[in-house]
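Worksheet for the structure shown next.
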Amino acid sequence: MYDDRGLDVVANSVDKLIPIYKQYSEWVLPYDKKEIISKLGL
């Protein structure tokens, strides 16, 4: 679900999150990108 506050996407494996990040990375706010990239190992 999405509203103007945003959302968190969770999964039981980083491998499942990487394709989602790659497809929707432009939606990620700039101040969150470094941390997300680091946690995904990109």
## Note on the structure
Going through region 16-33 in order, the residues found to be in a helix (DSSP H, G or I) and surrounded by 10 or more Cβ atoms within 10 Å (Cβ to Cβ) are Lys16, Leu17, Ile18, Ile20, Tyr21, Lys22, Tyr24, Ser25, Trp27, Asp32, Lys33
### Task
Select from region 3-15 the residues that are assigned to a loop (DSSP other than H, G, I, E, B) and not acidic (Asp, Glu) and list them in ascending order.
Arg5, Gly6, Leu7, Val9, Val10, Ala11, Asn12, Ser13
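Where a number appears in this text, it was derived from the coordinates with a stated rule and is not lab data. From a predicted model like this one, the values you see are computed outputs, not experimental measurements. Cβ sites come from the backbone with ideal geometry, for glycine too, and all protein chains shown count toward neighbours.
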